[in-house]
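To keep things clear, I will list the structure first and then write my remarks on it.
Bear in mind that the values in this text are calculations on the coordinates, not laboratory data. Predicted, not measured: the structure shown is a model, and the values here were computed from it. Note that each Cβ is placed from the backbone with ideal geometry, even for glycine, and that neighbours are counted across all protein chains shown.
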Amino acid sequence: MENPSDSGIYLSPAKLNLGLKIVGRRDDGYHLLNTVFCLIDLFDTISIQALDTPTISLLDHTQSWSYTDDLGFKAAKLLQDVTGCKLGANIKIDKVIPTGAGLGGGSSNAATILTVLNRLWHLDLTCGQLIDISRKLGADVPFFIYGRNAYATGIGDQFSDLDLPQRYFVLVKPDLNIPTKEIFDVFKLNNPEFDSQKFNRQSLNNHNNSTQHNISEVRFSPQYLLNYFPNDLQDAALALYPQLGEIIKDINSAYKINVAMTGSGSTVFMSFDDLKNANKVALSLRRRYNTYLVKSINVSPAIQL
């Protein structure tokens with residue numbers, strides 16, 4: 001395939017969880033959650049060239065794991081297997097989004113590759129069909145296929161559009177790579193009710209009905225999440241990695257600002273309406289921590305092809 005339209009360079013965005021509430025667990029072990037997904041302008045860059053042969057190559061792979069274990073490679077192979085496509089691809093991922101950070105970099109890469117190859121391989125799959133395929137790769141991948149800021153339920157794969165105002169975020173990425181499985185293992189130990197498939201929101205209502213009669217509409221609503229940025233996984237992360245708690249305490253004491261963890265960590269973030277204030281805090285924190293200043297975006301570049 002020599003046609004320039006059969007290759008390109010694509011931006012793969014990171015995300016923040018602006019609040020994360022765990023509300024149950026499925027039979028297959030996936031946890032049910034309510035969260036607000038917000039895309040940010042922190043991008044990996046992915047080069048993709050479609051091939052006439054079925055070979056899939058991940059070029060210049062520099063991560064610590066084998067290229068066959070990379071979620072981007074798995075996405076391309078899965079799409080090929082599911083559709084029976086006889087075409088292949090050369091893929092190169094230039095990483096900027098830190099790994100083990102709760103920013104969804106690997107999931108975003110997988111979703112971008114699925115979306116792009118759907119076009120380059122002329123498969124004509126719908127967004128819904130791609131989401132169904134992407135569920136086999138991980139809980140965050142469907143969101144990046146969806147590609148718009150959203151309130152998510154289910155395992156994070158059922159979406160309602162959210163029109164979020166422009167926000168600026170200061171991210172602090174500790175020198176920690178936190179495996180998601182570790183966090184959920186500790187979370188389950190500390191919250192044994194989640195070992196029962198019978199757990200649901202009504203059980204929480206019954207726990208303290210006098211003061212929480214509207215818990216399903218308040219503590220799990222998009223507005224609650226956006227106001228307070230609660231994260232049910234944060235205590236588990238702090239138990240495993242006390243240094244993360246020290247960073248949060250340090251930032252809180254210096255700036256008197258809400259600091260929240262995204263996803264299963266390790267990145268923590270602060271939200272600002274004003275770029276000037278965000279930049280001031282970011283410049284100060286860069287003296288001590290790995291710090292990023294980013295802004296929210298409404299739509300993933302991958303779905304604007």
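Things worth noting here:
- Neighbour net charge for ASP44 - beta-carbon separation under 15 angstrom, K R +1, D E -1: -1
- Simple spin-label estimate for ASN90 and ARG135 in nanometres, 7 Å along Cα-Cβ: 3.6
- Most tightly packed first, judged by the mean number of other beta-carbon atoms within 10 Å of their residues, the peptides 223-231, 156-164 read 223-231, 156-164.
- Backbone N within region 100-139 under 20 Å of label point (7 Å from THR68 Cα along the Cβ vector): 110, 137-138
- Computed label-point distance, nm, for sites THR45 and ASP235 using a 7 Å Cα→Cβ extension: 4.4
- Each residue, THR53 and ASN279, gets one label point 7 Å from its Cα in the Cβ direction; the gap between the two is 5.1 nm.
- Segment THR83..ASN177, full-extension length gain: 30.4 nm, with 0.36 nm per residue of separation and the alpha-carbon distance subtracted.
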